[in-house]
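Some notes on the structure that comes next.
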Amino acid sequence: MSRHAAACDTGPIAPGEVWLVGAGPGDPDLLTRQAERLIRAADIVFHDALVGPGVLALIPAGVDRVTVGKRARAHSKDQKGINDLLLAAALSGRRVVRLKGGDPSMFGRSAEELRHLGACGVRVRVAPGITTASAAAARAGVSLTLRGLARRIQFVTAHARADEPLDLDWDALADPAATLGVYMGRSAAPELTRQLLSRGLSGDTPVLVAVNVTLEEERLLFTRLDLLPFSVAALAEDAPTLLLIGHAVARPDHVAAFSHANAMAHDTDAAA
């Protein structure tokens, strides 16, 4: 089968096959139709800690569920262990779905699972999902790009190995003409602020703090870079937090009329 044909094949999962499925930011309404079909066709599902409860509720009764979540350095399984579990399930002839929060290719370590399974002769494919940055921008009524101000997007993760500093290209990230998205940014907010300010990014640069995006506990906070550490101080350290930094994510004039405005907290807006 050609690479193109394989990429277009969205049929049922074959026995011994693995699908890495993007679960989106949490709301099951944001799943792709392909993702829902695959979830319903699996006979074992390995899922991350950040997969929304509404998505997990779509797993049929009788289907085995295995939690392999990693959250705030509290890992139920390391990556090697996850790889081995997926391989064992596939080699036993099961129809395997690996549910990943957001999109598998965005900080989801999908490449490691693809490489491991492929090297062992297991067919593995990917179903993309909506990444949290796109969902957060939509919920807040902002854009990730803005003509004349933000024509480029940079995504990084603030997750580092225990006791190791963030190893990021701070000069490149401190670009006033770009939107910077920082996944898992809650604990790193003070260091992010210090590094970006020291490299010339203005203190009044807009920031959107997005927590539990699309879930019942969602919080969207508009603030500015120099106030960012204070803005996140009340959040739980393990709260799934995305930081969007740049002029494109400034609170829009129409936010009071926006459909999700009632879900927002505006107490950190420096312009208030």
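With the condition kept exactly as written, say whether any residue in the range 198-205 is part of a loop (DSSP other than H, G, I, E, B) and modelled with pLDDT under 95. Looking for residues that are part of a loop (DSSP other than H, G, I, E, B) and modelled with pLDDT under 95, one finds none in the range 198-205, hence no. Among the residues of the range 111-135, those identified as outside any strand (DSSP E or B), touching a residue at least 40 places away in the same chain (Cβ under 8 Å) and in contact with an Asp or Glu (Cβ under 9 Å, 6 or more places away or on another chain) are Val122, Arg123, Pro128, Gly129, Ile130, Thr131, Thr132, Ala135. Scanning the range 142-181 for residues that are in a loop (DSSP other than H, G, I, E, B), among the charged types (D, E, K, R) and over 10 Å from Gly246 (Cα atoms) gives Arg147, Arg151, Arg161, Asp163, Glu164, Asp167, Asp169. Criterion first (on the phi < 0 side of the Ramachandran plot and buried (at least 20 other Cβ atoms within 10 Å of the Cβ)) does Leu227 satisfy it? No; evaluated as a whole, the condition is false for this residue.
Checked across the range 60-76, the condition of being surrounded by 15 or more Cβ atoms within 10 Å (Cβ to Cβ), in contact with a helix residue (DSSP H, G or I) (Cβ under 8 Å, 6 or more places away or on another chain) and either among the charged types (D, E, K, R) or closer than 14 Å to Gly24 by Cα (or both) holds for no residue.
With the structure loaded, tell me whether Arg139 is on the phi < 0 side of the Ramachandran plot, at pLDDT 95 or above, outside any loop (DSSP other than H, G, I, E, B) and not assigned by TED's automatic domain parsing to the domain that holds Leu227 or whether it fails that test. So Arg139 fails the test.
The values are calculated or read from the model by the stated rules, or taken from the named source; none is laboratory data. All of these numbers come straight from a predicted model, not from anything done at the bench. When we count neighbours, we look across all protein chains shown, and the Cβ atoms used for this are built from the backbone with ideal geometry, even at glycine.
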